[in-house]
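**Student:** Below is the structure I would like to discuss, written out as structure tokens.
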Amino acid sequence: DYVEAYVPPPLLVELSEFEGVLWVDTIFPPQPSILSQGRSTHGVPPWNTRGFTGAGVKVGIIDSGFEGFGALMGTELPSTVVAHCYTSMGVFTSNLTDCEADGDHGTNVSEIVIDIAPQVSMYIANPISRGDLQSVVAWMVSEGVSVVNMSLSWTWDGPGDGTSPSSDSPLKTVDQAVTGGILWANAAGNAANSSWFGSYSNTDGDKWIAFNGLGSELNEVELSAGEKIIAQARWDDSWGNAARDFDLYLYDTSLNLMESSENDQFGGNYGNPYERLTFTAPVTA
């Protein structure tokens, strides 16, 4: 019930008017979450000494980029690896070099796994879209992978309780993995200090939500020149049939409108209580 495709922007309006098309949305690749070395913190050496080394266990690393992976094979990484590398959405190869792009976050995560369990068999993949993630998990299940680490975050999906109305939801992909016998480890909480949660408040009746008890209707973020932000708003309503219509706006300090997200929520088909915008800062401000 979904199609992922590369579409020229001028055709998007015409595409959205096709019969049967409920929604047209941008595909956002997953965002890496920062991890640190943890061998001593987790007390690994005693476990290894007692024979818990990961021998015979297949571990999958799903990440955004594996730059420098090949240069570390045989030293800080296993001498062999099974790769599922996406060169574009829906297109992949088994060539490790095709995974060695878009940063070294996946390489760093792989090093940590090997630090803790040095004898595991490693499978790596760099899915671009949600559909790619589903395909990667199906592949890993078929390969007998029993543990997956995904130190990535995706844009919000569903009401935040682990469910989603979307069949391509990463939440459902995790369910697919668990059903296939995989133990799934995922980064969580990295954006806690970049988030706001609270009850709706509009004491002055101007329809702008207040973010604190003093009535402040602005929630500030400082960006460096060239820095990209993904801002999201989600509220308590029915997913797939939201009746309350909120919008999301980004202003500069002079209150010039820089970006907005104004999807309609009116209780109709596929009205989700969710807004999202992206913005790249032209200057530091």
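The values are calculated or read from the model by the stated rules, or taken from the named source; none is laboratory data. What you see is a predicted model; the values in this text were computed from it and never measured. Cβ coordinates were reconstructed from backbone atoms using ideal geometry, including for glycine residues, and neighbour counts include every protein chain displayed. Quick note on the areas: whole protein, heavy atoms, side chains included, nothing else; ligands and nucleic acids left out. Shrake-Rupley method; radii C 1.70, N 1.55, O 1.52, S 1.80 Å.
**Student:** Probe radius 1.4 Å, ligands and nucleic acids ignored: give me the carbon and sulfur share of the accessible area of the chain as a rounded percent. It would help to have the intermediate numbers written out before the result.
**Tutor:** Working: 8770 of 16550 Å².
Carbon-and-sulfur percentage of accessible area, whole number: 53.
**Student:** Also, I was wondering about something else. Taking the Cβ of Phe92 as the center, what net charge do the other residues with Cβ under 9 Å away carry, scoring Lys and Arg +1 and Asp and Glu -1? Can you show the working numbers first?
**Tutor:** On the way: positive: none; negative: Asp98, Asp132.
Overall, the nearby charge balance is -2.
**Student:** Could you tell me which residue out of Val24, Ala185, Gly65 lies farthest along the dipole of the chain toward its positive end? Charges go on the beta carbon: Lys and Arg +1, Asp and Glu -1, centred on the Cα centre.
**Tutor:** Result: Ala185, furthest along the dipole toward the positive end.
**Student:** How much length, in nm to one decimal, is gained on full extension between Met258 and Ser142, taken as 0.36 nm per residue of separation minus their Cα-Cα distance? Kindly include the intermediate steps, with their values, before the conclusion.
**Tutor:** Details: separation 116, 0.36 × 116 = 41.76 nm, distance 4.64 nm.
Full-extension gain reported as 37.1 nm.
**Student:** Do any GluC sites (Glu not before Pro) in the stretch 95-145 lie in a DSSP loop with no more than 14 other beta carbon atoms within 10 Å, and if so, which?
**Tutor:** Numbers: sites: Glu100, Glu111, Glu143; in loops: Glu100, Glu143.
Of the GluC sites (Glu not before Pro), the ones in loops of the stretch 95-145 whose Cβ has at most 14 other Cβ atoms within 10 Å are Glu143.
**Student:** Mind checking the angle between helix 130-142 and the chain's longest principal axis? C-alpha axes, 0 to 90 degrees, to the nearest 10.
**Tutor:** Between helix and principal axis, roughly 30 degrees.
**Student:** Here is a follow-up. By how many degrees, 0 to 90 and rounded to 10, does the Cα axis of helix 105-116 deviate from the longest principal axis of the chain?
**Tutor:** 40 degrees
**Student:** Using only Cα positions of the chain, each an equal point scatterer, no hydration layer, compute I(q)/I(0) via Debye at q = 0.11, 0.13, 0.14 Å⁻¹ and quote the log10 values to two decimals.
**Tutor:** With no solvent term, the Cα-only Debye profile gives -0.78, -1.03, -1.15.
**Student:** On to the next question. Quick check for you: with a 1.4 Å probe and neighbouring chains kept, what is the accessible area per residue of the chain, in Å²? Working shown, then result.
**Tutor:** Working: 16550 Å² over 285 residues.
Averaged over the residues of the chain, the accessible area is 58 Å².
**Student:** A follow-up question, please. Provide the per-residue ³J(HN,Hα) series for the stretch 161-168, in order, calculated from phi with Karplus coefficients 6.51, -1.76, 1.60 and θ = phi - 60°, each as a whole number of Hz, with x at glycine and proline positions.
**Tutor:** 10, x, 10, 7, x, 8, 5, 9
**Student:** Then there's this: Quick one: putting +1 on the C-beta of Lys and Arg, -1 on the C-beta of Asp and Glu, what dipole do you get for the chain around its Cα centre, in Debye to the nearest 20?
**Tutor:** Values: 10 positive and 36 negative charges, 258 e Å.
Roughly 1240 debye for the chain.
**Student:** Scanning the chain for trypsin sites (Lys or Arg not before Pro) in DSSP loops with at most 15 other Cβ atoms within 10 Å, what's the longest stretch left with none?
**Tutor:** Details: sites that count: Arg39, Arg50, Lys207, Arg244.
In the chain, the maximal stretch lacking such sites is 51-206.
**Student:** Counting Lys and Arg as +1 and Asp and Glu as -1, each charge on the Cβ, what is the dipole of the stretch 62-152 about the Cα centre in debye, to the nearest 20?
**Tutor:** Rounded to the nearest 20 debye, it is 300 debye.
**Student:** A follow-up question, please. Report the chymotrypsin sites (Phe, Trp or Tyr not before Pro) located in the stretch 246-285 that are in a DSSP loop and have at most 16 other Cβ atoms inside 10 Å of their Cβ, or state none.
**Tutor:** Values: sites: Phe246, Tyr249, Tyr251, Phe266, Tyr270, Tyr274, Phe279; in loops: Phe246, Phe266, Tyr270.
Sites meeting the loop and neighbour criteria: Phe266, Tyr270.
**Student:** Using DSSP to call loops (not H, G, I, E or B), can you name the chymotrypsin sites (Phe, Trp or Tyr not before Pro) in the stretch 93-198 whose Cβ has at most 12 other Cβ atoms within 10 angstrom? If you can, show how the numbers build up before the last one.
**Tutor:** Values: sites: Tyr123, Trp139, Trp154, Trp156, Trp184, Trp196, Phe197; in loops: Trp154, Trp156, Trp196, Phe197.
Sites meeting the loop and neighbour criteria: Trp196, Phe197.
**Student:** Can you list the aspartates and glutamates whose alpha carbon is less than 20 Å from that of Lys172, not counting same-chain residues fewer than 8 positions off?
**Tutor:** Here the aspartates and glutamates satisfying the reach criterion relative to Lys172 are Asp1, Glu4, Asp25, Asp63, Asp132, Glu143, Asp157, Asp161.
**Student:** Then there's this: Tally Lys and Arg at +1 and Asp and Glu at -1 over the other residues with C-beta under 11 Å from the C-beta of Thr173: what net charge comes out? If you can, show how the numbers build up before the last one.
**Tutor:** Values: positive: Arg130, Lys172; negative: Asp132, Asp157, Asp168, Asp175.
Charge balance near Thr173 sits at -2.
**Student:** Shifting gears a bit: Select from Tyr6, Val147, Asn219 the residue farthest towards the positive end of the dipole of the chain; place +1 on Cβ of Lys and Arg, -1 on Cβ of Asp and Glu, and compute about the Cα centre.
**Tutor:** Val147
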